[in-house]
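Structure, as structure tokens:
The values are calculated or read from the model by the stated rules, or taken from the named source; none is laboratory data. Because the structure is a prediction, the values reported are computed rather than measured. Cβ placement follows ideal geometry from the backbone for every residue including glycine, while neighbour counts extend to all protein chains displayed. For the accessible areas, the whole protein counts, side chains as well, though only heavy atoms, and no ligand, DNA or RNA atoms are used. Shrake-Rupley method; radii C 1.70, N 1.55, O 1.52, S 1.80 Å.
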Amino acid sequence: MTVNQTSPLSIGLLGFGGLGQAAARLLSPKQEMRLCAVADGQGYAYDSQGLNPDALITVTRDRGSVGHVDKQGVLSQNSIPELIQAAPHVDGYFLALPNLPNSFMASVARQFIESGWQGVLVDALKRTSAVEQLLALQDDLQTAGITYMTGCGATPGLLTAAAALAAQSYAEIHHVAITFGVGIANWEAYRSTIREDIAHMPGYDVETARAMSDAEVAALLDKTNGILKLENMEHADDIMLELAGIVDRDRVTVGGIVDTRNAKKPLSTNVQVTGRTFDGKISTHTFTLGDDTSMAANVCGPAFGYLKAGINLHRRGIHGLFTAAEVMPQFVR
């Protein structure tokens, strides 16, 4: 069931780095959603009639924060709670935020719970342990009247959902393997995303990656020729597929290569689901993303599709925490 709407949904973005700016550009031509609220670390901007993505991106590049936007911007060191209060009628937010430290996204969820705001939140979390922290807030989210969609980017997200669909061919799932290739022409456009990836490398964790200066990150990338090779990652696809009853988390593996100096993907992104059919055959389904779809497209598109699905759930009085393996995203026109 989809709730009919006569006006665009009012949408907010928390975080306006590379991912947040890509999300703003993606929303610009949409008819069903209107970007009305944005916050970064130094300020926020709100206009119930809609914000201009180009103006937001330009002012962020030139002056460092959306808070400098004429008339609509407010400079603040407490931007998230202030925006929540200033924009009570926003239908939903995409949390395009770095989860550094690992408890950060859960702390943002608590701010929404405590504010009294009711609506839909969507994130693109990566780590299993971060999703576990949100699971601990399930009852609080439900009581607060918030519908929270977690792990709704590319992986976890789009590929997790593909795995959940592919699993229907089998009586038993033996293994789910997700392999990704990401190409970014300039790592500085995605500083926080790259730090989160570094945190998965041997010898690093979330706190050490968070503490690295830009110069230290650049030095590491010089040593690796801009390539990050990630294997056996702590990735929330595992807990999401386990919660959906598809496969135990120890049968899910995630890894890939990030090229921080070239836009072209170093390898194709895919998910392989191997299992036994009802008639005893062992087979593998493979779902591969097109090489010309960018990381930003594969994260932001599904995030807004899940946001739309979450808003339809919310309007039917269904609140609490859901994952990309439980709910189908809905295409946003």
- Can you tell me which of V66, V74, V90 is in contact with a Gly (Cβ under 7 Å, 6 or more places away or on another chain) and farther than 23 Å from K30 by Cα? V74
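Which one is farthest from N262 (Cα to Cα), of the residues in region 221-243 that are of a type in the set (D, E, K, R) and out of contact with any Ser or Thr (no Cβ under 7 Å at 6 or more places or on another chain)?
Looking at residues that are of a type in the set (D, E, K, R) and out of contact with any Ser or Thr (no Cβ under 7 Å at 6 or more places or on another chain), I get E242.
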- Note on the structure: Of the conditions (1) in a loop (DSSP other than H, G, I, E, B); (2) buried (at least 20 other Cβ atoms within 10 Å of the Cβ); (3) not aliphatic (A, V, I, L, M), the single one that T6 does not satisfy is (2)
- Of the residues I178, I173, which is within 13 Å of T284 (Cα to Cα) and either open to solvent by less than 10 Å² (accessible area, probe 1.4 Å) or out of contact with any helix residue (DSSP H, G or I) (no Cβ under 9 Å at 6 or more places or on another chain) (or both)? I178
- Exactly one of F331, F278 is out of contact with any strand residue (DSSP E or B) (no Cβ under 7 Å at 6 or more places or on another chain), open to solvent by 50 Å² or more (accessible area, probe 1.4 Å) and under 30 Å from P8 (Cα atoms), and that one is F331
- Does G305 qualify as being part of a helix (DSSP H, G or I) and either crowded, with 19+ Cβ neighbours inside 10 Å or without any contact (Cβ under 8 Å) to a residue 24 or more places away in the chain (or both)? yes
- Restricted to region 117-144 and to residues being assigned to a helix (DSSP H, G or I) and more than 19 Å from the chain's Cα centre (by Cα), the residue surrounded by the most Cβ atoms within 10 Å (Cβ to Cβ) is A144
